[in-house]
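Down below is the structure, laid out as structure tokens.
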There are 2 protein chains.
Amino acid sequence: MQIKVLEVGARDGLQNEPNFVATQIKVELLHQLINAGVKHIEAAAFVSPKWVPQMADGLAVVQSIWPDAQAQGVKISALVPNDKGMQTAISAGVHEVVIFSAASETFVQKNINCSIEQSIVRFQPVVQLAKSLGKRVRGSISCCLGCPYEGEVSVATVLKVIKQMQVLGVDEIDIADTIGVGAAKQVQALMQAVSHVFPIERVAGHFHDTYGQALANVAASLHAGVNVFHSSVAGLGGCPYAKGATGNLATEDLLYFLHGMGLQTGIDLSAVAQTGAWISQHLGRPNGSRAGAALMAKKSY
Amino acid sequence: MQIKVLEVGARDGLQNEPNFVATQIKVELLHQLINAGVKHIEAAAFVSPKWVPQMADGLAVVQSIWPDAQAQGVKISALVPNDKGMQTAISAGVHEVVIFSAASETFVQKNINCSIEQSIVRFQPVVQLAKSLGKRVRGSISCCLGCPYEGEVSVATVLKVIKQMQVLGVDEIDIADTIGVGAAKQVQALMQAVSHVFPIERVAGHFHDTYGQALANVAASLHAGVNVFHSSVAGLGGCPYAKGATGNLATEDLLYFLHGMGLQTGIDLSAVAQTGAWISQHLGRPNGSRAGAALMAKKSY
């Protein structure tokens, strides 16, 4: 069986890097990942550079990798917060745009200064424009397993947000554990509930490894029928709500797990491990992938 | 349901530390873990200090924690390689002795310079003595999911070693993934096969997190009926076959997972996280537990 792995290292991963990562490094990172067989890449967030300075060069990044992506059949996605972001996404030629909200009123209020419902209604013209241009639209829902402000998040709230995004016309839903607090039993129950309101083959598990649970949560999601997962090369990324904590699920760890399950991804783990070692060294941070670090340690014998 | 968690940080964890850890630190570590509710502790290896200098003070460590352990109903185990080690274990008053072999002829040959069968036969008098004194005996089998020399290890070999240990009279079997290469599907298949030859309630999963798979392998083992797991506070330990790679499954990550599954351990995760942060700082190494690091980061707000 084929599993769709969406690489988010260049966006969700780098977004948390304190120092600006040069455009050419971002482009090189994405080229390497494409060469490793990655077919789905979240490459940029077309948000205001005032919010996220690291994503200021998104247009240049996407334009640079576009020909290579096109030639290799790679789908590029980007976050768009509004109509302006959508216009940039159009000029960049991304295949998929990502709209976002959260399953916590407090989180949305603090981040976008409105209610969950308002946050989604605002995306209506953006989604309509995307659809009219034949773009795929993903709806990303933060804090599905817990909120840094509210603590527990109810399944009912997640389902409500999904239904609102469904009305808008999103093609795929991301169930994101933004602060990595989800545990396997909870994840499986949530994914099962989600499968009753949205086609589970178009639901993605986006897990952060803050508490070391990400891979166990992938396993739990697989049991519930999920076969789309997000991950970040070398586990790039962090958690703004717990300084020093681990970031996204590392792509290398995910690939090791999926391939071990006899599932196909079309991605070369060894090549991703090389890329993970390279980008970690470039950023001057320890390799956040355990499988990546182990594979590279083995090679250096 | 109650899960038995055996804390191996003071033995399998510290064993890989390059610098000698003072006896009083080892004792303090074990006291803290006992106070956190840990009921099963692997505290020492009564091997020659020439082999493992770090374990040279095993007798003193066990004697120091013995009264506290006795008062709290904590079971202390120790590795014994031979009759001499067994004599030390007796004088130390451990409750359980651990004999060991591996599911790889090459590994046993390189480590103990004999065949698997010889390695087990040699333990016959040791086990008899232990049994006659009412000690519990555990049989630990290294390399059950892969060998640094032979690569793949067959299920048949693991079952053969189990049967030989069973003849000797061991009470519990440790299925150890010494180099952390096991993947969930393989682990589940192995544990299912093991359950046909040995009572699964007395089979332990001992996973190293070298490739980030340990917790997914715990989940797979639970599915196969295993309810005894080994872990190491702060993920202490390393992998001598891949320098810089991760060590044992971290106790904090395991507890977060098990408690999230609604399973009981009787252990206070928050207290273990404190201990993990303390020992990591003392050893001057990064905290190898993701849950531990995240919990401590949260506390420091």
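Quick look at the numbers
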{"item": "Exercise: per-residue mean of other protein chain Cβ atoms within 10 Å, A:203-214", "result": "5"}
{"item": "Separation between Cα centres of region B:194-224 and region A:83-124, rounded to whole Å", "result": "43 Å"}
{"item": "Long-range amide H partners of B:K75 with built H, under 5 Å", "result": "B:H40, B:I41"}
{"item": "Rounded if a/c under 1.5, otherwise prolate or oblate - region A:190-301, Cα gyration tensor axes", "result": "oblate"}
{"item": "Theoretical FRET efficiency, 1/(1+(r/R0)^6), r = Cβ-Cβ of A:Q166 and B:V167, R0 56 Å, to 0.05", "result": "0.35"}
{"item": "Residue-averaged beta-carbon neighbours from other chains (10 angstrom radius) around A:285-296", "result": "5"}
{"item": "For A:G212, distant residues with modelled amide H under 5 Å away", "result": "B:A291"}
{"item": "Beta bridges by DSSP in the protein assembly as shown, antiparallel share as percent, to the nearest 5", "result": "5 percent"}
{"item": "Proximal charge balance of A:V155 [Cβ under 13 Å; K/R count +1, D/E count -1]", "result": "+2"}
{"item": "CD proxy at 222 nm, helix term only [per DSSP H run n ≥ 4: -39500 (n - 2.57); per residue of chain B; nearest 500]", "result": "-13500 deg cm²/dmol"}
{"item": "J(HN,Hα) series, region A:6-23, from Karplus relation 6.51 cos²θ - 1.76 cosθ + 1.60, nearest Hz, glycine and proline x", "result": "9, 7, 10, x, 6, 10, 4, x, 5, 3, 8, 5, x, 9, 5, 8, 4, 3"}
{"item": "7 Å along Cα→Cβ, label-point gaps from B:Q281 to other copies, nm, shortest first", "result": "3.3"}
{"item": "Inter-chain Cβ neighbour average for residues A:255-262, partner chain, 10 Å", "result": "5"}
{"item": "Cut-off under 5 Å, modelled amide H: who pairs with B:S232 long-range", "result": "B:V8, B:L249, B:A250, B:T251"}
{"item": "Sum of side-chain charges, A:I141 neighbourhood, beta-carbon under 12 Å (Lys, Arg +1; Asp, Glu -1)", "result": "0"}
{"item": "Residue (of A:L258, A:L236, A:H196) at the positive-pole extreme of region A:169-270, dipole from beta-carbon charges", "result": "A:H196"}
{"item": "Surrounding net charge for B:A183, when Lys and Arg each add one and Asp and Glu each subtract one, Cβ distance under 15 Å", "result": "-3"}
{"item": "Shape category assigned to chain B from the gyration tensor of Cα positions, a/c cut at 1.5", "result": "rounded"}
{"item": "Where only C-alpha atoms are counted, convex hull volume of region B:75-215 per residue in Å³", "result": "106 Å³"}
{"item": "Loop trypsin sites (Lys or Arg not before Pro), region A:166-263 (other Cβ atoms within 10 Å of the site Cβ: 14 or fewer; DSSP)", "result": "A:K243"}
{"item": "Approximate spin-label separation B:Q72-A:R136, in nm, with each point projected 7 Å along Cα-to-Cβ", "result": "5.3 nm"}
{"item": "Sparsely packed GluC sites (Glu not before Pro) within region A:107-165, loop by DSSP, other Cβ within 10 Å at most 12", "result": "A:E152"}
{"item": "Kirkwood Rh and Cα Rg combined as Rg/Rh, region A:1-155", "result": "0.97"}
{"item": "Beta bridges per DSSP with both ends in chain B, % antiparallel, nearest 5", "result": "5 percent"}
{"item": "Karplus (6.51, -1.76, 1.60) ³J(HN,Hα), θ = phi - 60°, over region A:81-93, in Hz, Gly and Pro reported as x", "result": "x, 6, 4, 4, x, 5, 4, 5, 4, 5, 5, 6, x"}
{"item": "Long pairs among A:K50/A:K84; A:K110/A:K131; A:K84/A:K135; A:K26/A:K131; B:K4/B:K163, criterion Cα-Cα beyond 18 Å", "result": "A:K110/A:K131; A:K26/A:K131; B:K4/B:K163"}
{"item": "Most mobile listed residue (B:N227, B:N248, B:N113) in chain B, GNM with C-alpha springs under 10 Å", "result": "B:N113"}
{"item": "Position A:Q124, label points 7 Å along Cα→Cβ, spacing to each other copy in nm (shortest first, one decimal)", "result": "8.4"}
{"item": "Choice from B:G58, B:G37, B:G260 showing the highest fluctuation, given a GNM over chain B with Cα pairs closer than 10 Å", "result": "B:G260"}
{"item": "For B:Q2, inter-copy label distances in nm, listed shortest first [label point 7 Å out on the Cα-Cβ vector]", "result": "5.0"}
{"item": "For the protein assembly as shown, cysteines whose Cβ has no other cysteine Cβ within reach (under 4.7 Å)", "result": "A:C114, A:C144, A:C239, B:C114, B:C144, B:C239"}
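No value in this document is a laboratory result; all are computed from the given coordinates. What you see is a predicted model; the values in this text were computed from it and never measured. Because the Cβ atoms are built from the backbone with ideal geometry, glycine has one as well, and the counts that use them run over all protein chains shown.
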